[in-house]
Amino acid sequence: MFPTPIERSPRAWQITYQSLLPLALILWLLPLIAVAIFSVKPDADFVNANYWGWPSSFEGFTNYALVFTGSDMPQYLLNSFKITIPTVIGAVALSCMTGFALGVYKFKSNIWIFFMFVAGNFVPFQILMVPVRDLTLQMGLYNTITGLVLFHVAFQTGFCTLFMRNFIRALPFELIEAARVEGIAEWRIFWFVVLPLMKPAIAALSVLIFTFIWNDYFWAVVLTQGVESQPVTAGITSFNAQYRAAYHLMSAGSLVAALPPVAMFFLMQRHFIAGLTLGAVK
Amino acid sequence: MAQASVEGTRQSSWWHRNQQQLTPWLFLAPGILFFLFYVIFPIFQSFNLSLYQWDGLGAAEYVGVSNYEELYWDEAFYTSLKNNVIWLVLYLAAIPAGLFIALFLNQTVTGIRVYKSLFFFPFVISQVVVGLVFTWFYDPTFGILNVVLGSVGLPPMNVLGDENWVTVGIIIAGLWPQTAYCMILYLTGLNAVDPEQIEAGRLDGAKGWRMLWYIIVPQLRPATFIAFVVTIIGALRSFDLISVMTNGGPFGSSRVLSFYMFEVALSEYGFRMGYGASIAVVLFLIMLAFIAYFLWSMYKEEKAR
């Protein structure tokens, strides 16, 4: 099937391929399909050991309603949004500036500052854990959304700078030079020339960082505890402890928790993939 | 009044002369400060902390290298280290697996875009959710794995309760999203493959494996490099899945350094911050070897421009 385009293959092979596709997809997504089916089953199915069979009745509305009314899930979801949105804005804003500085100007330490951001972004979280937790405690921000946001913004700036700088590097430099010849102030070049050209990069980074931060679990556990400030990833695990054998509720809760980044991905697919594959094509 | 305006012109002209030197630093300042404060300094603080005994509350006591000495005799540390190596090796399977799926999906039939994005799905979902789902799959009483094993006449197994299988079981769960990630990288890379080279290869009689190995894979080098970077980093950062699926068990046999460090410093094993920091330092040094290699590759490329 590769690298021959399927249109040039024999008819029989084309039909085989077309029927293999959905089959492969179902196999690949089996874990998700299972959760989706779990989430619409009645409790009785699990009591009667009907785990992997068809639901005996459709209880989707009841289960999902219970997740929203009978649990702390709405609060966790709200927390996740309150953490994720400011982080995205903060990290993207900071990295637009650092990326501009590193991508446009030539100065001696340029590459070393760039490498500091890149290297820092690869660091294992554990080497930061104790000092950052202590720092957050000392600033009185432990167990607050602000504390979590500040750290996320700082850490994500590493990856975002890598991305923004490479993106700006690929822009036509003549535009900036022409603006300079016109005598336009440097900050105005940033604001009126470069920033408008960065829109696709900003979109790509925003969805990507949204997903990263939404799915973060480690820092949520290290810097927060309890319903008032923890995001949905941490919420799901306490949900797990609370409803240990209530698989239908657990599944519904997990799907609700997974939905925002999935929706984000589908809305902004092209940008999302552009962000992930930075550098994969040369 | 006149004085002030003269002053103003002088200032603006000074600014005017130096603005190209100063602007980058003004733009960099907030980002660098934030990053130093939250990322760079904490690394050094952890190095320092690893020489102390500290419960996180009272005064820290300087103990020299005794944390590292204890680490040297700590069996749990070696279990974690061994599991880290297993993670590193097995996780790399995501790269060929991703390439395989990418090749499979690299066609232009109707609806293929939807297929591509649905195949990418696992990566968008939190590892916490992935971990939960795979825990149900592996469950010894009702898991689908045992249903399948039973149907082909094999004895049931308790993957997450078996010291020999637990790490492999968790890695398989991790491979699911990671393969999706590598697949997307390769799909993008395949878009850029030169059709003329394929045609030339075909004229030389290259087919199947030979075509893949000698014509396609060399052109996918940038994608492979990125897949390698993200997979290595992902393997060494593994924490969420272990925490959700086994909490390090059974008997600590699924720990990796990142999880063991967390356990020592923040969980029931007590608040041994200094000891935790020494584990983190070891993990950091392992990662540093890879980071240095990545940066070196990037540096060469920058020079080549």
For chain A, just run the numbers: alpha carbon Rg, then divide by 2.2 N^0.38 Å, N being how many residues it has.
1.27
With the 8 Å Cα cutoff and a minimum separation of six or more residues, chain A has a relative contact order in percent of 28
Working from the alpha-carbon coordinates of the protein assembly as shown, get Rg over Rh, Rh being the Kirkwood radius.
1.00
In this model, which of A:108/B:300; A:106/B:300; B:116/B:300 are farther than 26 Å apart at the alpha-carbon?
B:116/B:300
Can you give me the accessible area per residue for the range A:151-282, using a 1.4 Å probe, in Å²?
38
Set Lys and Arg Cβ to +1 and Asp and Glu Cβ to -1, take the dipole of the protein assembly as shown about its Cα centre, and tell me which of B:291, A:242, B:161 lies farthest positive.
B:291
Ranked packing of B:164-177, B:145-158, most packed first, by mean Cβ within 10 Å:
B:164-177, B:145-158
From the Cα gyration tensor of the range B:60-170, with a ≥ b ≥ c the square roots of its eigenvalues, which class applies: rounded if a/c is under 1.5, or else prolate if a/b is larger than b/c, or else oblate?
oblate
Taking K and R as +1 and D and E as -1, what net charge do the other residues with C-beta under 15 Å from the C-beta of residue A:201 add up to?
+4
Measuring from centroid to centroid over Cα atoms, what is the spacing of the range A:194-240 and the range B:128-198 in Å?
24
From Cα pairs below 8 angstrom and at least 6 apart in sequence, can you work out the relative contact order of the range B:192-305, rounded to a whole percent?
14
Counting only other chains, what is the mean number of Cβ atoms within 10 angstrom of the Cβ of each residue in peptide A:109-120?
5
Partner chain Cβ atoms within 10 Å, averaged over the residues of B:106-119 - can you pull that number for me?
4
Any GluC sites (Glu not before Pro) in the range B:262-305 that lie in a DSSP loop and have at most 12 other Cβ atoms within 10 Å would be B:268
With a ≥ b ≥ c taken as the square roots of the eigenvalues of the C-alpha gyration tensor of the range A:4-138, please select rounded if a/c is under 1.5 and otherwise prolate if a/b is larger than b/c or oblate if it is not?
oblate
Per residue solvent-accessible surface (Å²) - the range B:153-305, probe of 1.4 Å:
44
What are the residues of the range B:207-243 that lose 30 Å² or more of accessible area, with a 1.4 Å probe, going from their chain alone to all protein chains?
B:222, B:226, B:237, B:239, B:240
Extended-chain gain in nm, criterion 0.36 nm per residue less alpha-carbon gap, residue B:304 and residue B:100
70.3 nm
I'd like the mean, over residues of B:173-185, of how many other protein chain beta carbons sit within 10 Å of each residue's own Cβ.
2
5 angstrom amide H check on residue B:52, placed H, neighbours 5+ away:
B:63
The range B:5-136, relative contact order in percent, only Cα pairs under 8 angstrom and at least six apart counted:
8
Place a +1 charge on the Cβ of each Lys and Arg in chain B and a -1 charge on the Cβ of each Asp and Glu, then give the dipole magnitude about the Cα centre in debye, rounded to the nearest 20.
1200
Please compute the Cα-Cα pair-distance distribution of the range A:141-214 with 5 Å bins starting at 0, giving whole percents from short to long.
3, 13, 20, 18, 15, 12, 9, 6, 3, 1, 0
Projected label distance in nm at residue B:112 and residue A:139, using a 7 Å step from Cα toward the beta-carbon
4.9
Summed buried accessible area for B+A [probe radius 1.4 Å, Å², rounded to 100]
9500
With bins 5 Å wide starting at 0, give me the P(r) of the range B:221-305 over every alpha carbon pair, in whole percents.
3, 13, 19, 19, 16, 11, 9, 6, 4, 2, 0
Cα pair count fraction exceeding 28 Å, expressed as % - chain B:
58
Taking every other residue with Cβ under 15 Å from the Cβ of residue B:138 and scoring Lys and Arg +1, Asp and Glu -1, one gets -3
Of the peptides B:273-280, B:83-90, how do they stack up when ordered by the mean number of other Cβ atoms within 10 Å, highest first?
B:273-280, B:83-90
Accessible area of chain B with a 1.4 Å probe: how many percent of it is carbon plus sulfur?
65
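The values are calculated or read from the model by the stated rules, or taken from the named source; none is laboratory data. No experiment lies behind these values; they were computed from the predicted model shown. So basically every Cβ, Gly included, is an ideal-geometry build from the backbone, and we count neighbours across all protein chains shown. Surface areas here come from the heavy atoms of the whole protein model, side chains and all, with no ligands, DNA or RNA. Shrake-Rupley method; radii C 1.70, N 1.55, O 1.52, S 1.80 Å.
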